[in-house]
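Input: a single structure, listed below in structure tokens.
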Amino acid sequence: MGHLQPLTGHKLMKTLLRSLLVVSLFFTMTSWAANVGPAGYSESFGTRPAVGDWSTRSITGGASGAADSTTALQMDTNIAVIASTSVTNLVLDMSPLNPPGSNAVAMWTSAGGAYLQTRPTGVRITLLMATLVNNTGSNVTSINLGYTLTLVAPVTEEVRGQRVYTSLTGAAGSWTNIAAPAVAGPVTATLNVNWLAGARLYVLIADDNASGTPDEACQVDDFFVTTSGGVPVTTAIVIASPTDGQSIVENANFTVTTTTSGAITGTDFYLDGAIMGSDATAPYSVTFSNVTVGPHTITVVANSTVFSSPVHITVTANNPPSVALTTAPGGTVLVGSNIVNTAVVTDSDPGGSIQRVDFYVDNDVTPRFTDTTSPYTFELCDVLVGTHKITAVAVDHAGARGSNFNTLTATNPANVIVIVPNGSTWKYFDKGDAGAGGVPWAALAFDDSGWSNGVAELGYGDSGNNRPETTVVGYGPSATTKYITTYFRKSINVPSPGSYTNLIFRLLRDDGAVVYLNGTEVFRSYMTNGVVTNGTLAGLAGAGPAAADDGTFYVVTNVGNTLLSGNNVLGVEVHQDALNSSDISFDLMLWGQGAVGPTLTITRTDDTHADVRWPVSAATAAYVLKSKNDLNAAVWNPVLEPDVPDATSHHVIINTSSGKRFLRLEGP
């Protein structure tokens, strides 16, 4: 196999014409490839090439994405998973720009003498592929190819210029890198391969996205192919992949593919002389599995008498993948935040593959979420108060595991008292209309014993967005005509409602909701201002935000305190904005705020006593000092030591000889 090197000779002349020679062969010519005849093939791009000859696509991810190509090896890894069948887009016509601007895919312009250009933006890699077919009438053994590269508007690039790959099959894992041109000029290469008559050759040009913006313009012109070493077409078979000398990791299934010429009626595939499988249908291939570690020889026999050249491979021991985990936001966050976790997985094994990444939260025994597609992400929605550990475990094809973790802490605001935390248990009704007959469903007296119950976040449809609900509720018998309304209830006991001056509701909802306290509506969000029934769709009609919430953040509402002493009931009805809406989400936090109370000050007076004081005022006259020796004890007991106030402060001299003593001042 040769490597592209800059030439010092003259520029290839654009007067080279594509050969029009028609040769009678043993195969039918196809219009879905550029024909390489006895005189070769040349393309000066005077007109936009057909998609069957030249095609393009992009690999998503961006210049700083999870698998961005920071090295040539990483770029080769990104290309290895590409199949030629996925590169199917026609190059964009950007005439008369010279040069064209940035774009996700490759472009053509008639300006500047006409050429193709790669200049990726917003994607990881731009691909440009030539599909060639051997129309020489011969089985050739040497292929010369090249093009002229022009670089315009250079910027900082981690992998500069382009990288060029070839494959006889176009299958994922079959690409061989033959070049990495990083400077302008004509370039060429010689490939020593068995290119059978009628077989295809794929040339893939890849351009990595630069860290600078816009990307450097890489212009491709005067592409040519010539062949030599041809022999008359005979019945022949060649192993196209794997290639000679290739390494493959243990336990990785790999497919042995071939190219053929002549009349083939059947093929047998051998590993170290032992038959591994047969194929009687073109294109001929067999998948090998469980090949032992060490060197091996692959051969294929066609028609029981036509032998391929041997291909030597080495199966290497499997190594576990490595994982880098990013968590955003991280550190300390507000309770209820959504945390996006992205696992960047690196597998150094040749031919290895990642089967999945499992995400665990805290002490999960089973994964909270599993992602099988890179970039591997999991969105921890509606995080609960406390410190949490998020762990990502990557599992490769052989079951080997690599892991990493991050921690974060979620806190409540300092100036609130939590009445209902997020992640609470709620009763729910997901079977249609909960308000049919009898006592209104949101009222205190309503009997919800027949309802289901589950831990928030409750909903459905978000697992596909990598943010699964804690409890999945139903939507009825039809995915296209779902129940519009789902109902939620929660009983709460409030012993001293008078201690709160106002209430703060934090509502997570998708799409709209109406919130009730003890049967009385408190507020509504993204709902009509008119009468609401179980058939009312969510949507703006003078209420709610400018657009529907997708269930990833909280709507905050501050209202007056209408809590009752003792039992209270919260009711929430969540409405879809369409009968076929994909998902709903629900959780609710209720916080109380009260007047700022007096502050206790403690000063030790001797080894066994301390002076506890707080301000003297009319507002603190009814306050009682209480204590307990065990913070986990259920009851706070009034302090027995006397209060001896002066003009400014209450004073209680407490005895501390018994050890720990916890104190608090309780208002009326």
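The values are calculated or read from the model by the stated rules, or taken from the named source; none is laboratory data. Small disclaimer: the values here were computed from a predicted structure and weren't measured. Cβ: placed from backbone, ideal geometry, glycine included. Neighbour counts: every protein chain shown. When the accessible area is computed, the model is the full protein with side chains, heavy atoms only, and any ligands, DNA or RNA have been set aside. Shrake-Rupley method; radii C 1.70, N 1.55, O 1.52, S 1.80 Å.
Of the strands (runs of 3 or more DSSP E) lying entirely inside region 447-532, those carrying at least 3 residues that are free of Cβ contacts under 8 Å to residues at least 40 places away in the same chain and farther than 18 Å from HIS575 by Cβ are 452-455. Considering the conditions (1) open to solvent by 20 Å² or more (accessible area, probe 1.4 Å); (2) within 24 Å of VAL574 (Cβ to Cβ); (3) of a type in the set (D, E, K, R), ARG401 is excluded by exactly one of them, (2). Summed over region 207-266, residues that are open to solvent by 30 Å² or more (accessible area, probe 1.4 Å), modelled with pLDDT of 90 or more and among the acidic types (Asp, Glu) total 1. When region 419-443 is filtered for residues that are touching a Leu at 6+ places or on another chain (Cβ under 8 Å) and either open to solvent by 40 Å² or more (accessible area, probe 1.4 Å) or farther than 22 Å from CYS381 by Cα (or both), only PRO421 remains. The residue that is surrounded by the fewest Cβ atoms within 10 Å (Cβ to Cβ), among those in region 611-647 that are in contact with a Pro (Cβ under 7 Å, 6 or more places away or on another chain) and either assigned to a loop (DSSP other than H, G, I, E, B) or in contact (Cβ under 8 Å) with a residue 60 or more places away in the chain (or both), is ALA622.
Cβ separations smaller than 9 Å between residues 6+ apart or across chains give the following pairs from region 589-609 residues that are over 23 Å from ILE419 (Cβ atoms) and part of a strand (DSSP E or B) to residues that are modelled with pLDDT under 85 and not charged (D, E, K, R): ARG604/THR656; HIS609/THR656; HIS609/SER657.
Does at least one position in region 52-68 carry a residue that is open to solvent by less than 50 Å² (accessible area, probe 1.4 Å), modelled with pLDDT of 95 or more, touching a strand residue (DSSP E or B) at 6+ places or on another chain (Cβ under 8 Å) and not polar (S, T, N, Q)? Even if it seems obvious, please write down each step before you answer.
Restricting attention to region 52-68, the residues satisfying the condition of being open to solvent by less than 50 Å² (accessible area, probe 1.4 Å) are 52-56, 58-59, 61-63, 65-68.
Next cut, modelled with pLDDT of 95 or more only: 53-56.
This time we only want the ones that are touching a strand residue (DSSP E or B) at 6+ places or on another chain (Cβ under 8 Å), so: 53-56.
In the following step, the residues that additionally are not polar (S, T, N, Q) were identified as 53-54.
Yes.
Within region 350-361, if we keep just the residues that are in contact (Cβ under 8 Å) with a residue 40 or more places away in the chain and buried (at least 17 other Cβ atoms within 10 Å of the Cβ), the residue that is nearest to SER322 (Cα to Cα) turns out to be ILE354.
Per the listing ASN192, ASN177, the residue uniquely of a type in the set (S, T, N, Q), over 39 Å from the mean Cα position of the chain (by Cα) and closer than 28 Å to VAL256 by Cβ is ASN192.
Rundown of residues vs (1) of a type in the set (Asp, Glu); (2) within 30 Å of ILE239 (Cα to Cα); (3) open to solvent by less than 20 Å² (accessible area, probe 1.4 Å), yes/no style:
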residue: ALA302; (1), (2), (3): no, yes, yes
residue: VAL315; (1), (2), (3): no, yes, yes
residue: VAL340; (1), (2), (3): no, no, no
residue: SER348; (1), (2), (3): no, yes, no
residue: ASN363; (1), (2), (3): no, no, no
residue: ARG368; (1), (2), (3): no, no, no
residue: ALA392; (1), (2), (3): no, no, yes
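The set of residues in region 375-410 that are in a loop (DSSP other than H, G, I, E, B) and closer than 16 Å to THR327 by Cα comprises PRO375, CYS381, ASP382, VAL383, LEU384. Among residues of region 174-187 that are touching a residue at least 40 places away in the same chain (Cβ under 8 Å) and among the charged types (D, E, K, R), none has a Cβ under 6 angstrom from a residue that is part of a strand (DSSP E or B) and surrounded by fewer than 18 Cβ atoms within 10 Å (Cβ to Cβ) at a sequence gap of 6+ or on a separate chain. As a summary of the residue check, ASP215 satisfies the conditions (1) closer than 27 Å to ILE313 by Cα; (2) in contact (Cβ under 8 Å) with a residue 12 or more places away in the chain; (3) of a type outside the set (A, V, I, L, M); (4) in a loop (DSSP other than H, G, I, E, B) except for the one numbered (1).
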